[in-house]
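S.K.: This structure is in structure tokens; I'll ask about it shortly.
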């Protein structure tokens, strides 16, 4: 190796020596500061598009400050509400507090969903958290406060308001202190915005909150205004090439949506499908495009929705793996699904080798069986409940009408071991399958390289689960309308959805777009409702099945049942957990009259409104037509 001459190192030091001897001290400091500043900006520039970019810091600091300021504004309004003795002033300050809360709902629901559900803005029903046992969690927060303030014209519950106000403020103060220093990424904020779009159309405009004031459209406008404000803090990103146009498009679309909401304030007549297709869908596409163009990384945490897609409400929008017990086991899924289909139709899974899964879940009946209650394995009796459809069954977080298991794999285990259903066990099933050369080959191929290739309880459940995950419906007339085909729905069907989401109150339990009881947009919690289902068609007595109570032993869950999906409801008669009604018109009439209480049953914990829904015959007809628009025969050919 050739080394430089010894004098080279000394010559290299000469400029530094000159700088140290001849440059004044102040100028040295200026040069040093400039050098450090240059290094800082070069480092920041190098990190553009990464989580810790200077753009990220600028946006997040402003967003954090905005959220904290809005929380302070909520507390100020709540203080004024409590201090006034006038009902009108109390209600006015409540609305002001709600406006400031809705401005930042997208942020709080994302960062603190548990606090929102239990303490800030949860629904007016007692809640159950399996993590803390069987104790009921009473309604609290804004919605309970709304009930006290607006349920009666005369307000004499100042103490109740005071307690609610104090509890809510304590929670908001805790969150405010937390948010002042929270480490959040810019990509998260953009995803929060998308989730809020989903929340607006699936919950806010379906009566999930503001149930008494029905101020939902204005509150949705507040939500979008908060998003618009925070999107403005992303302006530094416009220095990146080709981002300014989409940024302007997003802001313009936000303003158009806000204008539409503020001009169409009536909750019951609000044109929800027009709002979704003309305003929300394009807005979501613009946010996705902006997110991608500025190079902000997408979050990698497990979630139900694939927010990278340009469409929020279709099959591609949902992450099937999120709903699986085995999230990371993704090898050989197609072969496993094919194997699972064979098992689904094979009676060898049952104890007497005569009953297959398909006997109670017939594809011609949208994977139900058309019976009031399914037959037992020996054919001499019936099971306790009606057989539900398996369409979109994967999009749930609780299974069976009483929600006694929390994974689809657990549901399979329960049915196989139930003495009046399949009356079998995995040991016997494994023995039968291993005696079949064809199944031995199929399992070996589907679970290649694993111990489960030799046929195990795991591989049996996994194969059946993967098949059931293919039973997905997003190809109905209603879905195609959402995707852009404005010709597939007529005026009755469009109005029927407005009735469904509006004065019929269906959408507050059957959540758009799955139309089941799994609460969007996180889809981590299935709801149970007490509707007072009668024992017989004559509607004389409530059905004796205690439902969810058998699982939780909570009095609030007596006669509570999981909210089923309405997709393909045209093919799943008879209806209700006990198959009491054979026609959808009968179901609509039951709800219209106020459920069990409306029919004279003594049910103190009914979650359905007791009084009539005041639906006209045209409303009922339109509602029926809408529900039929959810039919998807393609999903029955799997």
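The values are calculated or read from the model by the stated rules, or taken from the named source; none is laboratory data. Given the structure is predicted, the values throughout are model-derived calculations rather than measurements. Virtual Cβ from ideal backbone geometry, glycine too; neighbours counted across all protein chains shown.
S.K.: Check residue 578 against each of (1) in contact with a helix residue (DSSP H, G or I) (Cβ under 9 Å, 6 or more places away or on another chain); (2) more than 30 Å from residue 196 (Cα to Cα); (3) touching a residue at least 60 places away in the same chain (Cβ under 8 Å) and name the one condition it does not meet.
M.R.: Unmet for residue 578, out of (1) in contact with a helix residue (DSSP H, G or I) (Cβ under 9 Å, 6 or more places away or on another chain); (2) more than 30 Å from residue 196 (Cα to Cα); (3) touching a residue at least 60 places away in the same chain (Cβ under 8 Å): (1).
Per-residue answers, yes or no, for (1) outside the structural domain of residue 594 (by TED's automatic domain parsing); (2) in a strand (DSSP E or B); (3) buried (at least 20 other Cβ atoms within 10 Å of the Cβ):
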residue	(1), (2), (3)
524	no, no, no
536	no, no, no
551	no, no, yes
561	no, yes, yes
565	no, no, yes
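S.K.: Pick from region 118-130 the residues that are buried (at least 19 other Cβ atoms within 10 Å of the Cβ) and part of a helix (DSSP H, G or I): which of them is modelled with the highest pLDDT?
M.R.: Result: 120.
S.K.: Sort out which residues of region 292-316 are without any contact (Cβ under 8 Å) to a residue 60 or more places away in the chain, within 22 Å of residue 277 (Cβ to Cβ) and either in contact with a helix residue (DSSP H, G or I) (Cβ under 9 Å, 6 or more places away or on another chain) or part of a loop (DSSP other than H, G, I, E, B) (or both), and write them in order of number.
M.R.: Hits for region 292-316 are 306, 308, 309, 310.
S.K.: Among the residues of region 64-108, write down those that are in a helix (DSSP H, G or I) and within 24 Å of the chain's Cα centre (by Cα).
M.R.: Step one: filter region 64-108 for residues in a helix (DSSP H, G or I), giving 64-83, 87-103, 105-108.
Once the filter is applied, which keeps residues that are in a helix (DSSP H, G or I) and within 24 Å of the chain's Cα centre (by Cα), region 64-108 yields 67, 98, 99, 100, 101, 102, 103, 105, 106, 107, 108.
S.K.: Please state which one of 339, 349, 343, 355 is over 12 Å from residue 469 (Cα atoms), touching a residue at least 60 places away in the same chain (Cβ under 8 Å) and touching a strand residue (DSSP E or B) at 6+ places or on another chain (Cβ under 9 Å). Spell out how you get there, then give the answer.
M.R.: Numbers: 339 fails: touching a strand residue (DSSP E or B) at 6+ places or on another chain (Cβ under 9 Å); 349 fails: touching a strand residue (DSSP E or B) at 6+ places or on another chain (Cβ under 9 Å); 343 fails: touching a strand residue (DSSP E or B) at 6+ places or on another chain (Cβ under 9 Å).
Among 339, 349, 343, 355, only 355 is over 12 Å from residue 469 (Cα atoms), touching a residue at least 60 places away in the same chain (Cβ under 8 Å) and touching a strand residue (DSSP E or B) at 6+ places or on another chain (Cβ under 9 Å).
S.K.: Would it be correct to say that residue 390 is within 26 Å of residue 630 (Cβ to Cβ), at pLDDT below 95, within 21 Å of the chain's Cα centre (by Cα) and not assigned by TED's automatic domain parsing to the domain that holds residue 549? Write out each step before concluding.
M.R.: Values: within 26 Å of residue 630 (Cβ to Cβ): yes; at pLDDT below 95: no; within 21 Å of the chain's Cα centre (by Cα): yes; not assigned by TED's automatic domain parsing to the domain that holds residue 549: yes.
Spelling it out, it is not the case that residue 390 is within 26 Å of residue 630 (Cβ to Cβ), at pLDDT below 95, within 21 Å of the chain's Cα centre (by Cα) and not assigned by TED's automatic domain parsing to the domain that holds residue 549.
S.K.: What is the one condition in (1) surrounded by 17 or more Cβ atoms within 10 Å (Cβ to Cβ); (2) touching a strand residue (DSSP E or B) at 6+ places or on another chain (Cβ under 8 Å) that residue 323 does not satisfy?
M.R.: (2)
S.K.: Answer yes if at least one residue in region 364-374 is free of Cβ contacts under 8 Å to residues at least 12 places away in the same chain, on the phi < 0 side of the Ramachandran plot, in contact with a strand residue (DSSP E or B) (Cβ under 6 Å, 6 or more places away or on another chain) and in the same structural domain as residue 459 (by TED's automatic domain parsing), and no otherwise.
M.R.: To start, the set of residues in region 364-374 that are free of Cβ contacts under 8 Å to residues at least 12 places away in the same chain comprises none.
Checked region 364-374: no residue is free of Cβ contacts under 8 Å to residues at least 12 places away in the same chain, on the phi < 0 side of the Ramachandran plot, in contact with a strand residue (DSSP E or B) (Cβ under 6 Å, 6 or more places away or on another chain) and in the same structural domain as residue 459 (by TED's automatic domain parsing).
S.K.: Is it true that residue 399 is surrounded by 21 or more Cβ atoms within 10 Å (Cβ to Cβ), touching a helix residue (DSSP H, G or I) at 6+ places or on another chain (Cβ under 9 Å) and closer than 27 Å to residue 564 by Cα?
M.R.: Values: surrounded by 21 or more Cβ atoms within 10 Å (Cβ to Cβ): yes; touching a helix residue (DSSP H, G or I) at 6+ places or on another chain (Cβ under 9 Å): yes; closer than 27 Å to residue 564 by Cα: yes.
For residue 399, the condition - surrounded by 21 or more Cβ atoms within 10 Å (Cβ to Cβ), touching a helix residue (DSSP H, G or I) at 6+ places or on another chain (Cβ under 9 Å) and closer than 27 Å to residue 564 by Cα - is met.
S.K.: Another question, then. For region 539-563, name all the residues that are over 18 Å from residue 383 (Cα atoms), at pLDDT 95 or above and out of contact with any helix residue (DSSP H, G or I) (no Cβ under 8 Å at 6 or more places or on another chain).
M.R.: If the condition is that a residue be over 18 Å from residue 383 (Cα atoms), at pLDDT 95 or above and out of contact with any helix residue (DSSP H, G or I) (no Cβ under 8 Å at 6 or more places or on another chain), then 563 is the only one that fits.
S.K.: Any idea how many residues of region 213-233 are in contact with a helix residue (DSSP H, G or I) (Cβ under 8 Å, 6 or more places away or on another chain) and not in a helix (DSSP H, G or I)? Please lay out each step first, then the result.
M.R.: The initial filter retains those residues of region 213-233 that are in contact with a helix residue (DSSP H, G or I) (Cβ under 8 Å, 6 or more places away or on another chain), namely 213, 215-233.
Applying the additional criterion that residues be not in a helix (DSSP H, G or I) yields 213, 215, 233.
Final tally of qualifying residues: 3.
S.K.: Can you give me the number of residues within region 581-613 that are under 23 Å from residue 382 (Cβ atoms) and touching a residue at least 60 places away in the same chain (Cβ under 8 Å)?
M.R.: 1
S.K.: Check whether at least one residue in region 492-503 is in a loop (DSSP other than H, G, I, E, B), touching a residue at least 40 places away in the same chain (Cβ under 8 Å), in the same structural domain as residue 593 (by TED's automatic domain parsing) and under 19 Å from residue 570 (Cβ atoms), and report yes or no. Break it down stepwise before answering.
M.R.: Keep residues of region 492-503 that are in a loop (DSSP other than H, G, I, E, B), which gives 502-503.
Restricting the remaining residues to those that are touching a residue at least 40 places away in the same chain (Cβ under 8 Å) gives 502-503.
Still in the running and in the same structural domain as residue 593 (by TED's automatic domain parsing): 502-503.
Next, only the ones that are under 19 Å from residue 570 (Cβ atoms) stay: none.
Among the residues of region 492-503, not one is in a loop (DSSP other than H, G, I, E, B), touching a residue at least 40 places away in the same chain (Cβ under 8 Å), in the same structural domain as residue 593 (by TED's automatic domain parsing) and under 19 Å from residue 570 (Cβ atoms), which makes the answer no.
S.K.: Looking for whichever is touching a residue at least 60 places away in the same chain (Cβ under 8 Å) and under 28 Å from residue 71 (Cα atoms) here; the options are 268, 284. Which one fits? Steps first, answer last, please.
M.R.: Numbers: 268 fails: under 28 Å from residue 71 (Cα atoms).
None of the others qualify; the one that does is 284.
S.K.: Residues of region 444-461 being touching a helix residue (DSSP H, G or I) at 6+ places or on another chain (Cβ under 6 Å) and surrounded by 20 or more Cβ atoms within 10 Å (Cβ to Cβ), which ones?
M.R.: Residues satisfying the conditions are 446, 447, 452, 455, 459, 461.
S.K.: Among the residues of region 411-453, what is the count of those that are farther than 25 Å from residue 394 by Cβ, in a helix (DSSP H, G or I) and either modelled with pLDDT under 95 or outside the structural domain of residue 398 (by TED's automatic domain parsing) (or both)?
M.R.: 1
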